[in-house]
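The values are calculated or read from the model by the stated rules, or taken from the named source; none is laboratory data. Keep in mind that this is a model prediction, so the values were computed, not measured. Cβ: placed from backbone, ideal geometry, glycine included. Neighbour counts: every protein chain shown. The area values use the complete protein model at the heavy-atom level, side chains included, leaving out ligands, DNA and RNA. Shrake-Rupley method; radii C 1.70, N 1.55, O 1.52, S 1.80 Å.
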Number of protein chains: 2
Amino acid sequence: MPATPPTSPVSAFDRPGPRQHGVYDALRAAVLSGDMRPGEGISETRVAARFGVSRTPVREAFRRLADEGLLRIVPQVGTFVAPIQLSAVADSQFIRETLECRTVRLAAERAGEADVAALAGLMDRQRAAMASARHDDFFALDEALHAELIRIAGRPAVWDLLVTVKAQLDRVRVLSLHSEGWATMILTQHERIVDRVAARDVAGAEDAMREHLRTVFAAVDDIAQANSHFFEK
Amino acid sequence: MPATPPTSPVSAFDRPGPRQHGVYDALRAAVLSGDMRPGEGISETRVAARFGVSRTPVREAFRRLADEGLLRIVPQVGTFVAPIQLSAVADSQFIRETLECRTVRLAAERAGEADVAALAGLMDRQRAAMASARHDDFFALDEALHAELIRIAGRPAVWDLLVTVKAQLDRVRVLSLHSEGWATMILTQHERIVDRVAARDVAGAEDAMREHLRTVFAAVDDIAQANSHFFEK
DNA sequence: CATGACACACTAGTATACAAGTGTGCAAGA
DNA sequence: TCTTGCACACTTGTATACTAGTGTGTCATG
């Protein structure tokens, strides 16, 4: 169980403001967004100079990112943005699907009035974000919905784990072209999930969640074909 | 997805042997075995002197262990062996049960003749270990059986993840008194799991696994009562 | 022109030095 | 005796210096 999720709410209260966190967050975002491409080499020295800090905090950020499978450190040679391994993406999908399908069942069992209202609020905001084409907001609200469902299930630690596990999936997602129809489909699937949870339909909620997650995953092979130079194996 | 499995098989002397790995392995074993007790303070300087290395590799080991929830680093104050949090133990149990119940279903679906033979071999060795009261061997074979089932399911990465997630559970287990009857019960449950997998009984295998995992977990509250000073919350 | 040897720049791993902050214990005063 | 305040030792965080090893580009040679 990772004690420090990549985005830790508690870390803001940490005594000073550890410089390493800023470096870690920036590099992680750069890798996940594709700003830094798979295979690209980075060096502790250059990153340190760029952030105006010494090698030490950069090094700690590198190690954490390597542990998450986002960087590959080759001793005495260099550090590189890890290629996207299809096997790792499939493993991420498997773990996410397994955990979220179970937690959404629990959410359907446990959801109270306030929980259903919170879900409805998130859906309203999603519709608004899509209507005004704020894709970043829509993405953030997508994450928030999944996190909220897991919170309702009473297992917030599962989301903390998934944030790390999902990283490999997220790397693929940013490569996909977000067509208008795609966002509409995601929204519809979210609506169905929330609808089944609100109806306390345990089996229906699980089915809706599985279909949703698999739809997203189904595009992986196509994306890998179109971006084969970023992938390995 | 952790790229580096927490317990490297024989990382003692491979190549110029990164010193941090040795420190990490030793400290992790000390925390999980209870040699270092929850709440106990350790310092980078002392550990560095003890291992004959500088603070740098020790510091990296500390950070990884803190990420796993085994150490708690308080800036400018000190580093302490993390107390055992019942909530974290319950989360570990939940995640393990969710993932292993699904993988054992897959194992029952996919197991071939060679796989069944491998499982039978592990069971023979477990019976032998119990007969001669080699508890350490029995423990290692317990781990090996679960890992093998996940391998048969075709998801070895899931085991890599569970090795980390399980840590909080393992800390509790070493506190329990291993009575003779207990080992027998574990063995019987293992036999039932393997039997159901060999029979390709998907639902039966899942039931057997769930019962097995919950039996182990059922003792947690009693253990927490008897060792309340090691626990938090 | 092709090829091979070698110097060099660059990498991460490790050691050490310095900075900022915390808790404790002792001493001084009431 | 009790309280208060301060000095000090010790902690982790950060910066810098040094080590060992690798890849590459260049220059000399056939």
Answer residue from segment A:73-103, given it is facing chain B (nearest Cβ under 10 Å) and outside any helix (DSSP H, G or I) and is nearest to A:R155 (Cα to Cα) among those:
A:Q85
Filter pass, B:A133 being without any contact (Cβ under 8 Å) to a residue 24 or more places away in the chain and either open to solvent by 30 Å² or more (accessible area, probe 1.4 Å) or closer than 17 Å to A:T164 by Cβ (or both)
yes
Inspect segment B:190-199 for any residue being part of a helix (DSSP H, G or I) and within 14 Å of chain A (Cβ to nearest Cβ) and give the result as yes or no.
no
So B:L106 clears everything in (1) within 16 Å of DNA strand C (Cβ to nearest atom); (2) within 14 Å of chain A (Cβ to nearest Cβ); (3) assigned to a helix (DSSP H, G or I) except one condition, right? Which one?
(1)
Which ones in segment A:49-72 are near DNA strand D (Cβ under 9 Å from one of its atoms), open to solvent by 20 Å² or more (accessible area, probe 1.4 Å), facing chain B (nearest Cβ under 9 Å) and touching a helix residue (DSSP H, G or I) at 6+ places or on another chain (Cβ under 7 Å)?
A:R59
For segment B:37-46, check the following and say yes or no: at least one residue is within 14 Å of chain A (Cβ to nearest Cβ), farther than 26 Å from B:L162 by Cα and modelled with pLDDT of 95 or more.
yes
Test of understanding: among A:V174, A:V158, A:V165, which residue is at pLDDT below 95 and under 30 Å from A:S87 (Cβ atoms)?
A:V174
Out of the residues in segment A:73-96 that are within 16 Å of DNA strand D (Cβ to nearest atom) and among the polar types (S, T, N, Q), which is least open to solvent (accessible area, probe 1.4 Å)?
A:T79
Among the residues of segment B:184-195 satisfying the criterion of being of a type outside the set (A, V, I, L, M, F, W, C) and within 13 Å of B:M123 (Cβ to Cβ), which is least open to solvent (accessible area, probe 1.4 Å)?
B:H190
Sort out which residues of segment B:97-118 are surrounded by fewer than 22 Cβ atoms within 10 Å (Cβ to Cβ), of a type in the set (D, E, K, R) and within 30 Å of B:F230 (Cβ to Cβ), and write them in order of number.
B:E97
Residue in segment B:28-36 that is part of a helix (DSSP H, G or I), in contact with a strand residue (DSSP E or B) (Cβ under 9 Å, 6 or more places away or on another chain), under 27 Å from B:V89 (Cβ atoms) and not assigned by TED's automatic domain parsing to the domain that holds B:D136 present:
yes
Within segment A:23-55, take every residue that is more than 16 Å from DNA strand C (Cβ to nearest atom) and of a type in the set (D, E) and give me the one that is nearest to A:E68 (Cα to Cα).
A:D25
Checking the conditions here, which among A:A49, A:A114, A:A108, A:A120 is over 21 Å from the mean Cα position of the chain (by Cα), assigned by TED's automatic domain parsing to the domain that holds A:E143 and without any contact (Cβ under 8 Å) to a residue 40 or more places away in the chain?
A:A114
